[in-house]
Amino acid sequence: MDGSERIDIGGVSVPCGHLIGGERVGSPDGYEVITPIDGSPLGHIPAGGPAEAAAAVAAATAAFPAWAALGPDGRGEILDRFADAIVERMADFQRVDTHDHGALAAGRPHHGMPRTAWNVKFFSDRARGLHHDTIAGDVVDNSVRYDPSGVSALIVPWNAPLMLGTWKIGPALAAGNTVVVKPPEFAPFSLSLLGEVAQEAGLPDGVLNVLHGTGASAGDALVRDPRVSRISFTGSPATARVIGAAAAANLTPVSFELGGKSPFVICADADLASAARTVAVQFMNAGQVCLAGTRLLVEESIVDELLPLVLAAVDELVVGDPRRPETRVGPLIHPSHFAKVQGLVERAVADGARVLCGGGPHPDGGLYFQPTILADVDQRSEIVQTEVFGPVLTLQTWRTEDELISLANDTIYGLAATLFSGDADRAERISSQLVAGTVWVNCFYVRDLAAPFGGSRASGIGREGGTWSFDFFCDVKNIATRRGTFAS
């Protein structure tokens, strides 16, 4: 592939090559990408390796001094145009996203797409208003600065590549860093299009580079490059361990947002109708959401009352083609991932789990899996301890808060938790004991970009959002000046 190829996705012309130093570049090898909608080919993408990774980092390194020198205001003007350009191309991004990874067309204009542009605009504004705090000491005045750190390597997952890509790109660029972003191999096209939109908005060549390929080849070469100053990765703990080992050789700081096996706690004093509706929301994106509350932990005294409400809410979910406005549960991303999800459910049933709904592939076939809830599961079982990343929930009950906390915290993860209770004191008491980076109380998936986000334990390292993003992407510098040494 020479890098100049373009393909039509849902009526949108999308570039296929790497974007390196403002030019579309090919690779000797490539691979075919399918759409999860029906498994048909979308197009070929170049498979980058060490040579392309080195070239992308070189381009970002060359572009860094001028981009950093623009300062927050100069960068902000360009990033604001970038955000506006995303909004202008929102319909195109939506169509590509739907074909690329099966994102639902319904709701995207009001949720995922605006968030994509807001990821850029918010951090652009935040950088311009970032405090250079002065801390008065006994002898010196300390002035704290947030300086650009260099080249950021951003590795993006396939479950929401555009939204999660800009969640990394926005603060990295606003901080004054230049970027090499590696799209997911299963769903590379929306970020490939984003690179073109960035160019059209006036981002200088080399400031945003797009490197296609597999994690084992392109990604590995990228994170091992000593010229990279920051690595941000969203994905599995297993891959994070490999990246962490590579980063350690260069002492490169990392930010990891990894898997989850989040508890969804429902207390007897909760609004059960609201809780049941929110349980059904856990099947969004076909369950391919790391934050989803996949372990239903229900107070025993209300399970018989709650369960019919939950099953009724789940029964209303329409499974099918994500392009249809009535669809609420789309396809799994790839045949290999479908096989993983199916295997986990089949083994759980074989081990004695009771199927409350779903339990297998959708009758219409393809990469569609029925929304599934399994009861009678053991705490130590694979289905309770392993992230399924599909439309599969487990149901367990508890009697005392001590028992609840023990169940909720008994996994290797600590990404998020959801809690429904009608008692403010109880909600605070339980929330404070849950091991999780985010706890939603009587709500779910409400994300304020000013708030910290990240995971504990095997769910990640570090926090991003608000000033926390700049704590990571910047070199935080303190200038300590002895008081009284300058003429006033």
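Give me the percent of DSSP beta bridges within the chain that run antiparallel, rounded to the nearest 5. If you can, show how the numbers build up before the last one.
Numbers: 32 of 69 bridges.
Approximately 45 percent, going by the DSSP bridge assignments.
Between the stretch 11-65 and the stretch 374-411, how many Å separate their Cα centres?
Taking the Cα centre of each part, the stretch 11-65 and the stretch 374-411 sit 40 Å apart.
So how far apart, in nm, are the two label points at Gln433 and Glu32 if each is 7 Å from Cα heading toward Cβ?
Here the modelled spin labels are 5.5 nm apart.
Using square roots of five times the C-alpha gyration tensor eigenvalues, list the equivalent-ellipsoid semi-axes of the stretch 348-423 in whole Å, biggest first. Mind dumping the intermediate values first?
Details: eigenvalues 128, 40, 33 Å².
That gives 25, 14, 13 Å for the three semi-axes.
In the calculated pair distance distribution of the stretch 341-380, what percentage of Cα-Cα distances lie above 12 Å? Don't jump to the answer; show the numbers that get you there.
Numbers: 430 of 780 pairs.
Beyond 12 Å sits 55 percent of the P(r) for the stretch 341-380.
Taking a 23 Å limit on the Cα-Cα distance, which of the listed pairs Lys121/Lys182; Lys121/Lys477; Lys121/Lys168 fall beyond it? Present the calculation step by step, with values, prior to reporting the outcome.
Working: Lys121/Lys182 21 Å; Lys121/Lys477 25 Å; Lys121/Lys168 12 Å.
Flagged as over cut-off: Lys121/Lys477.
Per residue, how large is the accessible surface of the chain? Use a 1.4 angstrom probe and give square angstrom.
Normalised by residue count, the accessible surface of the chain is 38 Å².
So for each of 154-164, 224-234 I average, over its residues, the number of other beta carbons within 10 Å; can you give me the resulting order with the highest mean first? Intermediate results must be reported in sequence, preceding the final value.
Numbers: 154-164: 24.9, 224-234: 21.8.
Answer by packing, highest mean first, reads 154-164, 224-234.
Dipole of the chain, Cα-centred, from +1 at each Lys and Arg C-beta and -1 at each Asp and Glu C-beta, to the nearest 20 debye?
On the way: 37 positive and 56 negative charges, 209 e Å.
With Lys and Arg at +1 and Asp and Glu at -1, about 1000 debye.
Normalised radius of gyration for the chain, please: alpha carbon Rg relative to 2.2 N^0.38 Å, two decimal places.
Details: Rg = 23.2 Å, N = 488, 2.2 N^0.38 = 23.1 Å.
Taking N as the residue count of the chain, the ratio is 1.01.
Report the charge-dipole magnitude of the stretch 206-328 in Debye, nearest 20, computed about the Cα centre from +1 at each Lys and Arg Cβ and -1 at each Asp and Glu Cβ.
Working: 10 positive and 13 negative charges, 189 e Å.
Roughly 900 debye, rounded to the nearest 20.
Counting only protein heavy atoms and using a 1.4 Å probe, what share of the accessible area of the stretch 9-56 belongs to carbon plus sulfur, as a whole percent? Can you show the working numbers first?
Details: 920 of 1660 Å².
C and S fraction of accessible area: 56 percent.
Taking the mean number of other Cβ atoms within 10 Å as a proxy for protection, how do you rank 302-310, 53-61 from highest to lowest? Before the final figure, lay out the partial values.
Working: 302-310: 16.8, 53-61: 22.7.
So the order, starting with the most tightly packed, is 53-61, 302-310.
Taking 0.36 nm per residue of separation and subtracting the Cα-Cα distance, what length does fully extending Ala69 through Arg227 add? If you can, show how the numbers build up before the last one.
Numbers: separation 158, 0.36 × 158 = 56.88 nm, distance 1.87 nm.
Extending this stretch completely gives an extra 55.0 nm.
At each listed q (0.21 Å⁻¹), what is the log10 of I(q)/I(0) that the Debye formula gives for the stretch 8-113 modelled as equal alpha-carbon point scatterers?
Rounded to two decimals, the profile gives -1.15.
Whole Å is fine, so just give me how far the alpha carbon centre of the stretch 428-452 lies from that of the stretch 72-107.
Computed from Cα coordinates, the inter-centre distance equals 27 Å.
Please pull out the direction-averaged projected area of the stretch 322-390, using the convex hull of its alpha-carbon atoms, in nm² to one decimal place. Please list the in-between numbers first.
Working: hull surface 19.5 nm².
In nm², the orientation-averaged hull projection of the stretch 322-390 is 4.9.
Would you be so kind as to identify all helices of the chain, as entire DSSP H runs, whose Cα atoms reach 30 Å or more along the helix's own axis and whose mean Kyte-Doolittle hydropathy is at least -1.0? Show your work: numbers first, answer last.
Details: long enough: none.
Qualifying helices: none.
Work out, step by step, the length gained on full extension between Ala248 and Glu23: first 0.36 nm times the residue separation, then minus their alpha carbon distance; give nm to one decimal. Intermediate values should be presented prior to the final figure.
Numbers: separation 225, 0.36 × 225 = 81.00 nm, distance 3.13 nm.
Here the segment from Ala248 to Glu23 would lengthen by 77.9 nm.
What does the helix-only formula give at 222 nm for the chain: each DSSP H stretch with n ≥ 4 adding -39500 (n - 2.57), the total divided by the residues, and the result rounded to the nearest 500 deg cm²/dmol?
On the way: 15 runs with 181 residues, N = 488.
Roughly -11500 deg cm²/dmol at 222 nm, from the helical runs in the chain.
Over the stretch 439-487, how many percent of alpha carbon pairs lie in each 10 Å bin up to the one with the longest distance?
20, 33, 21, 14, 9, 3
Dividing the Cα radius of gyration by the Kirkwood radius, what Rg/Rh value follows for the stretch 285-399?
Details: Rg = 13.9 Å, Rh = 14.5 Å.
A ratio of 0.96.
With every protein chain present, what accessible area does Arg95 have (1.4 Å probe, heavy atoms only), rounded to the nearest 10 Å²?
The accessible area of Arg95 comes to roughly 90 Å².
Among the lysines, which fall within straight-line cross-link reach of Lys340, defined as a Cα-Cα distance under 17 Å, with same-chain neighbours fewer than 8 residues apart omitted?
Lys261
Dimensions of the stretch 219-279 along principal axes (Cα, Å, largest first)?
Principal axes ranked by extent give 54, 18, 16 Å for the Cα atoms.
Write down the Kirkwood hydrodynamic radius of the stretch 166-224, to one decimal in angstroms, obtained as one divided by the mean of 1/r over all alpha carbon pairs. Please list the in-between numbers first.
Values: mean 1/r = 0.0834 Å⁻¹.
It works out to 12.0 Å.
Ignoring any ligand, DNA or RNA, what whole percent of the accessible area of the stretch 321-439 comes from carbon and sulfur when the probe is 1.4 angstrom? Don't skip to the end; give the middle numbers.
Numbers: 2360 of 5030 Å².
Ligands and nucleic acids excluded, carbon and sulfur give 47 percent.
Mind giving me the FRET efficiency for Asp80 and Ile479? R0 is 45 Å, r the Cβ-Cβ distance, nearest 0.05 is fine.
Numbers: r = 29 Å, r/R0 = 0.65.
Plugging the Cβ-Cβ distance into 1/(1 + (r/R0)^6) gives 0.95.
Just name one of Ala408, Val384, Phe444: the one whose Cα is farthest towards the positive end of the charge dipole of the stretch 357-454 (beta-carbon charges, Lys/Arg +1, Asp/Glu -1).
Checked the options; the winner is Phe444.
The values are calculated or read from the model by the stated rules, or taken from the named source; none is laboratory data. These numbers come from a predicted model, not from an experiment. Here the Cβ is made from the backbone with ideal geometry for all residues, glycine too, and neighbour counts use every protein chain on show. With ligands, DNA and RNA removed, areas are computed over all heavy atoms of the protein, side chains included. Shrake-Rupley method; radii C 1.70, N 1.55, O 1.52, S 1.80 Å.
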